[in-house]
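Visitor: Sharing a structure here in structure tokens format.
The values are calculated or read from the model by the stated rules, or taken from the named source; none is laboratory data. None of these values were measured; they are calculated from a predicted model. In this analysis, Cβ positions are derived from the backbone assuming ideal geometry, glycine residues included, and neighbour counts consider all displayed protein chains. Surface areas here come from the heavy atoms of the whole protein model, side chains and all, with no ligands, DNA or RNA. Shrake-Rupley method; radii C 1.70, N 1.55, O 1.52, S 1.80 Å.
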Amino acid sequence: MRDEYGTNEWTEADMNAIIEAANKAGISIIPLINTPGHMDAIIDAMKAVGISDAAFTAEGYGTSSRTVDVRNQAAVSFVQALLNKYIQYFAAKGCKIFNIGTDEYANDILMNYAGMGFGYLQDKGLYGKFATYVNNLATLVINAGMTPMAFNDGIYFNSDTQYNFNSNILISYWSSGWST
């Protein structure tokens, strides 16, 4: 849907109409806001409100234009507040599942790194920060009465069970891994 500015974003009224039509047709809506990756526009918004260094930087590889740095508490708080707004909206509309994404961590800069972004996080001792980030978002979803969903590639990456992920997270398998 195009708005008066020529953009493709859906308004709340658009979403209300979509959800109403889906409900009438017996179709369940599973909303998705993919984080911490795939957040180009959100990182730009954080810069606009004065949150610096919101994007993940990998030593020797550069700064991701797409991935929020889970070490930056201001950026993490911004994402949590933003997601919670949408989590509450969709919970009030009767949605049962909310997908928080969690895939392809900084792959825009780490595509040629062995193990990609998640391997980098593990090698640098940062995978626990990622697990905490995911678990905190899952808690927001659970507290709203929905089931959290996430994509599979970052959850227990490379069979790393050192950090526990919330067992209520419904895993959506989209990838069997990356070849490097």
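Visitor: Look through the range 100-133, keep the residues that are open to solvent by less than 20 Å² (accessible area, probe 1.4 Å) and of a type in the set (A, V, I, L, M), and return whichever of them is modelled with the lowest pLDDT.
Guide: Here the answer is MET116.
Visitor: Just checking, which of GLU20, GLU104 is under 14 Å from the mean Cα position of the chain (by Cα) and charged (D, E, K, R)?
Guide: Every option except GLU104 fails the conditions.
Visitor: What pairs come up if the first residue lies in the range 70-90 and is under 16 Å from GLY101 (Cα atoms), the second is open to solvent by 50 Å² or more (accessible area, probe 1.4 Å), and their beta carbons are under 6 Å apart, counting only those six or more places apart or on different chains?
Guide: VAL70/LYS129
Visitor: Follow-up question, since we're still on this one. Taking the range 135-146, which residues are in contact (Cβ under 8 Å) with a residue 12 or more places away in the chain and at negative phi?
Guide: Of everything in the range 135-146, those that are in contact (Cβ under 8 Å) with a residue 12 or more places away in the chain and at negative phi turn out to be ASN135, ASN136, LEU137, ALA138, THR139, LEU140, VAL141, ILE142, ALA144, MET146.
Visitor: What pairs come up if the first residue lies in the range 6-30 and is under 26 Å from PHE151 (Cβ atoms), the second is surrounded by 13 or more Cβ atoms within 10 Å (Cβ to Cβ) and of a type in the set (S, T, N, Q), and their beta carbons are under 6 Å apart, counting only those six or more places apart or on different chains?
Guide: Close Cβ pairs (under 6 Å, with a partner that is surrounded by 13 or more Cβ atoms within 10 Å (Cβ to Cβ) and of a type in the set (S, T, N, Q)) amount to ILE30/ASN99.
Visitor: Kindly list, by first and then second residue, each pair from a residue in the range 156-180 that is closer than 25 Å to ASN112 by Cα and assigned to a strand (DSSP E or B) to a residue that is modelled with pLDDT of 90 or more and among the aliphatic types (A, V, I, L, M), limited to pairs with Cβ atoms under 6 Å and residues at least 6 apart or on different chains.
Guide: Close Cβ pairs satisfying both conditions: SER172/MET149.
Visitor: While we're on this one: Only residues in the range 121-134 that are free of Cβ contacts under 8 Å to residues at least 12 places away in the same chain count as the first member; pair them with residues that are open to solvent by less than 50 Å² (accessible area, probe 1.4 Å) and in a loop (DSSP other than H, G, I, E, B), Cβ under 9 angstrom, at least 6 apart or cross-chain, and list the lot.
Guide: What qualifies is ASP123/TYR113; ASP123/GLY115.
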